[in-house]
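We did not get these values from a lab; they are worked out from the coordinates using the rules stated. Just so it is clear, the model here is predicted, and its values are computed rather than measured. Don't worry about glycine lacking a Cβ; one is built from the backbone with ideal geometry, like all the others, and counts go over all protein chains shown.
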Amino acid sequence: MTRVASLGARARRLPLVGFALLYTVVTGGPLLWVASMSLRTTAEIFKDPYGFPSPAHWEKFADAWFKSNYHSYFWNSTIVVVCAVALVTVIGAMAAHCLARYAFRGNRLVRFLILSGLILPPQLLILALFQILLDIDLYNTLTGLIIVYVATHIAVTVYILEGFFAQIPQDLFDAARMDGYSDFEIFWRVTVPIGAPAIFTAVTLNFIVLWNEFLFAVVLLTDDDKRTLPLGIMHFTGSHQLDVGMAATGLVIAILPVVLLYAFFSETMIKGMTAGAVR
Amino acid sequence: MAVITVESLSKRYEGAAAPAVDDISFTVADREFMVLLGPSGCGKSTVLRMIAGLEPITSGTVSIDGLIMNQVPAKLRDIAMVFQSYALYPHMTVYDNLAFGLRRRDVDRAEIERRVQAAAAKLGLAAFLERKPHALSGGQRQRVALGRAIVRDPRVFLFDEPLSNLDAALRVTTRNELIRQQQEIGTTSIYVTHDQVEAMTMGHRICIMNHGKVVQIGEPLEVYRHPADTFVARFLGNPPMNLLAGKLELGDVSAVVRFAGAAVPLERKASLASFAGRDVTIGIRPEDIYESPPPGASKSFARLPTRVVAVEPLGAETLLVLSLEDSRDELVARVGRATALRSGDRHEVALDIEALHLFDPATTRAIA
């Protein structure tokens with residue numbers, strides 16, 4: 001009886017497994033293809049686009065890193081993304097704490113203004129941002145890009161964090177107030193540690209998105225030594241030549257941190273997104 | 001030493017039609033355990049939160065030892081509060097939860113250690129100090145919440161329905177534990193509950209609230225025996241007091257109240273004069289209705305013909321639901337477990353005349 005039932009259950013699961021496999025192939029396939037191309041020369045790739053890397057040209061990574069300025073792009077990306085994520089997390093968490101916790105006058109208006117950033121397409125902002133950065137002498141600087149990243153990612157950060165913070169029971173805040181803690185100490189010692197899963201989710205999401213950000217970077221940075229990784233790919237794609245092999249190597253260098261981050265922290269991230277009430 | 005005085009305290013939330021707390025006043029003496037009792041939404045928790053400093057006061061004053069606290073922030077009032085949800089910090093161990101308030105007050109490390117260990121020993125938490133709250137049972141969490149208040153050694157304890165999340169058995173033991181702790185520590189306490197058993201057993205005095213107002217304040221048995229109005233009469237006691245419609249007739253030297261086919265002679269008090277010939281509400285508690293007058297009793301009893309609608313044996317006693325002749329009213333009587341009465345029986349019960357309460361039907365207030 002149980003054997004029959006378990007067979008039935010397996011049969012019912014089959015479409016789900018099939019879909020998961022298909023999804024893995026669709027998403028993982030291109031990744032593997034780029035990874036294999038990163039170890040092959042452009043000539044080899046043109047000869048056989050789907051071939052296996054044999055021999056594997058590991059030296060291409062050293063070439064990209066040192067000869068094609070990737071160490072500089074990587075460093076620029078790291079500075080910009082780490083600073084922007086740190087700032088957007090601190091500012092976003094404080095804003096989310098206030099919106100979730102305090103019934104101040106204009107609370108709804110402030111929330112509306114911040115969250116309306118979610119629906120603004122970045123293309124709409126690009127001209128205005130260009131002009132503003134030019135006016136305040138931050139055009140073509142990493143600082144300018146960091147500020148733009150912070151501004152454009154506050155909305156999604158507040159959105160993720162406020163929902164979570166609002167679920168933290170009010171009694172915890174009242175208890176901390178009676179214990180003598182100030183508003184900032186309550187934020188720091190109660191909201192932040194309890195909201196850590198959500199904060200972690202916001203950090204990871206923002207990191208991934210900003211690490212791959214192209215549009216603002218390409219418009220707001222012009223000097224080669226200030227470019228971030230996604231712009232580095234352009235190094236191999238000119239109007240007259242296309243070095244597919246090196247572009248693939250560059251792509252792998254660019255996406256490696258994100259893939260590693262996701263591989264190690266995806267579970268924690270999903271937990272943070274789906275966590276229920278704190279009890 | 002701490003005397004809490006609440007004077008003409010009111011709270012009105014923006015946009016609300018009626019005030020949540022409406023002009024209430026009371027005083028809690030030093031070392032007294034005062035219970036605020038009332039149904040959900042009567043404003044008792046709001047009063048507590050205003051005393052704690054967690055809720056702005058619309059009008060009136062809260063004073064501790066004569067000093068008005070209205071503008072004093074919660075952290076400077078030296079009050080500890082135990083919350084209904086326990087409000088334990090989920091990311092901290094039991095030890096850190098207990099020590100959290102002391103650390104902010106710059107108590108030195110050795111003293112924190114001493115106080116936390118003492119409270120943990122007192123509350124049986126010594127073995128759990130390194131655990132996080134999620135690894136504790138409901139009763140243990142409740143004790144941590146209490147311990148957090150105790151270690152602070154505050155002037156005043158406030159309790160906001162601290163037992164309502166516990167199961168029935170644990171509630172009884174924790175209640176007894178709380179009574180013992182309060183007797184030992186002797187700190188002035190205000191305890192909010194909607195549970196009349198907690199109120200009756202724990203409070204030195206009970207303050208009963210309804211619709212944001214204080215209805216009656218007094219010692220538990222005093223309030224139980226002499227309810228100020230029909231709300232208190234029904235709210236205290238389980239099953240609640242029976243209320244019946246009747247009419248008062250006054251003679252020159254005697255008074256008679258007639259209801260449900262019975263005519264019960266009463267002592268003719270001066271306060272009854274204005275109710276001569278008028279409708280009154282008669283109250284009688286279930287335990288004051290007897291299957292038959294107890295043998296040798298010196299009290300006088302009134303006989304009331306009834307029909308048994310239901311018999312509810314509770315083990316130690318039995319509840320009888322009785323319908324009255326000539327009226328649709330029903331009575332509940334609490335009788336001995338050995339009763340032979342069965343549903344459908346006709347039976348004449350005996351009412352203890354001295355235990356009858358009279359209320360004004362218009363105002364619901366007791367007629368003294």
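Distance between the modelled labels on A:Arg108 and B:Arg105, one decimal in nanometres: 4.1 nm (7 Å Cα→Cβ projection).
Mind checking which of A:Val85, A:Val148, A:Val110 has the largest fluctuation in a GNM of chain A, springs on alpha carbons under 10 Å? With Cα springs under 10 Å in chain A, the top fluctuation among A:Val85, A:Val148, A:Val110 is at A:Val110. Helix content alone sets the calculated 222 nm mean residue ellipticity of chain B: runs of n ≥ 4 DSSP H residues at -39500 (n - 2.57) each, divided across all residues, give -7000 deg cm²/dmol.
How high is the FRET efficiency from B:Ser164 to A:Val26, r the C-beta distance, R0 51 Å, rounded to 0.05?
Details: r = 53 Å, r/R0 = 1.04.
Efficiency at R0 = 51 Å is approximately 0.45.
Among B:His204, B:His134, B:His194, which one moves the most in a GNM of chain B with springs linking Cα atoms closer than 10 Å? Looking only at B:His204, B:His134, B:His194, the biggest GNM fluctuation is shown by B:His134. Working value for the protein assembly as shown: equivalent-ellipsoid semi-axes of 73, 30, 24 Å, each the square root of 5 times a Cα gyration tensor eigenvalue, largest first.
May I ask you to derive the FRET efficiency for A:Ala128 and B:Ser8 from their Cβ-Cβ distance with R0 = 56 Å, giving the value to the nearest 0.05?
0.45
Amide H contacts of B:Leu36: B:Tyr191, B:Val192, B:Thr193, B:Cys207, each under 5 Å away and 5 or more positions distant or on a separate chain (H built 1.01 Å from N in the peptide plane; Pro and chain starts excluded). Taking amide H atoms as placed 1.01 Å from N in the peptide plane, the amide H of B:Thr306 lies under 5 Å from those of B:His347, B:Glu348, B:Val349, each 5 or more residues away in sequence or on another chain. Taking 7 Å steps out from each Cα toward its Cβ at A:Asp135 and A:Val218 produces label points 2.7 nm apart. Computed from point charges on the beta carbon alone (+1 for Lys and Arg, -1 for Asp and Glu), the dipole magnitude for chain A about its Cα centre is near 1180 Debye.
Note on A:Phe46, B:Phe128: ascending count of other Cβ atoms within 10 Å places them as A:Phe46, B:Phe128, the fewest first.
Taking 0.36 nm per residue of sequence separation and removing the Cα-Cα distance, the B:Ser343/B:Met1 pair yields an extension gain of 117.4 nm. Note on chain A: dipole from Cβ charges, positive end direction compared against A:Val218, A:Thr268, A:His71; the farthest Cα belongs to A:Thr268. Computed across the range B:4-235, the Kirkwood hydrodynamic radius from all distinct Cα-Cα pairs reaches 18.3 Å. Measuring between alpha carbons in the structure, the pairs from B:Lys11/B:Lys122; A:Lys271/B:Lys11; A:Lys47/A:Lys67; B:Lys44/B:Lys269 lying more than 30 angstrom apart are B:Lys11/B:Lys122; A:Lys271/B:Lys11; B:Lys44/B:Lys269.
Express the relative contact order of chain B as a whole percentage, based on alpha carbon pairs under 8 Å and six or more residues apart in sequence.
Worked out over chain B, it gives 15 percent.
Modelled this way, with points 7 Å down the Cα-to-C-beta line, the labels at B:Ser300 and B:Lys132 are 7.1 nm from one another. Out of B:Ala120, B:Leu102, B:Thr364, whose Cα points farthest toward the positive end of the dipole of the protein assembly as shown (charges: +1 Lys, Arg; -1 Asp, Glu; placed on Cβ)? So the residue furthest toward the plus end is B:Ala120. Short-range pairs are left out: with C-alpha atoms under 8 Å and at least six residues apart, the relative contact order of the range A:141-252 is 27 percent.
When only the Cβ of Lys, Arg, Asp and Glu is charged (+1, +1, -1, -1), the dipole of chain B relative to its Cα centre reaches about 920 debye. When DSSP beta bridges are restricted to pairs lying wholly in the protein assembly as shown, around 75% turn out antiparallel. How much net charge surrounds A:Ala96 when only other residues with a Cβ under 13 Å from its Cβ are counted (Lys, Arg +1; Asp, Glu -1)? Here the count lands on +1. Packing order of peptides B:223-233, A:35-45, highest average first: B:223-233, A:35-45 (average count of other Cβ atoms within 10 Å over each peptide's residues). Between B:Ala74, B:Ala145, B:Ala121, the residue with the greatest mean-square fluctuation in the GNM of chain B (Cα pairs under 10 Å linked by springs) is B:Ala121.
Computed 3J(HN,Hα) for the range B:188-205, one whole-Hz value per residue from the Karplus formula 6.51 cos²θ - 1.76 cosθ + 1.60 where θ = phi - 60°, is 4, 9, 10, 10, 9, 7, 10, 9, 5, 5, 4, 4, 5, 8, 9, x, 5, 9, glycine and proline marked x.
Taking a ≥ b ≥ c as the square roots of the eigenvalues of the alpha carbon gyration tensor, chain A is oblate, as a/c is not under 1.5 and a/b does not beat b/c. Remark: mean inter-chain Cβ contacts per residue of B:68-78 equal 2, using a 10 Å Cβ-Cβ cutoff to other protein chain atoms. Positive end of the dipole of the range A:131-279 (Cβ unit charges, origin at the Cα centre): among A:Ala198, A:Met178, A:His153, the Cα lying farthest that way belongs to A:Ala198. Please give the residues of the range A:66-93, grouped as numeric ranges, whose backbone N is less than 16 Å from a label point set 7 Å along the Cα-to-Cβ vector of A:Leu256. Answer for the range A:66-93: A:66-78. Calculated FRET efficiency, B:Lys213 to A:Ala86, Cβ-Cβ distance, R0 = 45 Å: about 0.25 to the nearest 0.05.
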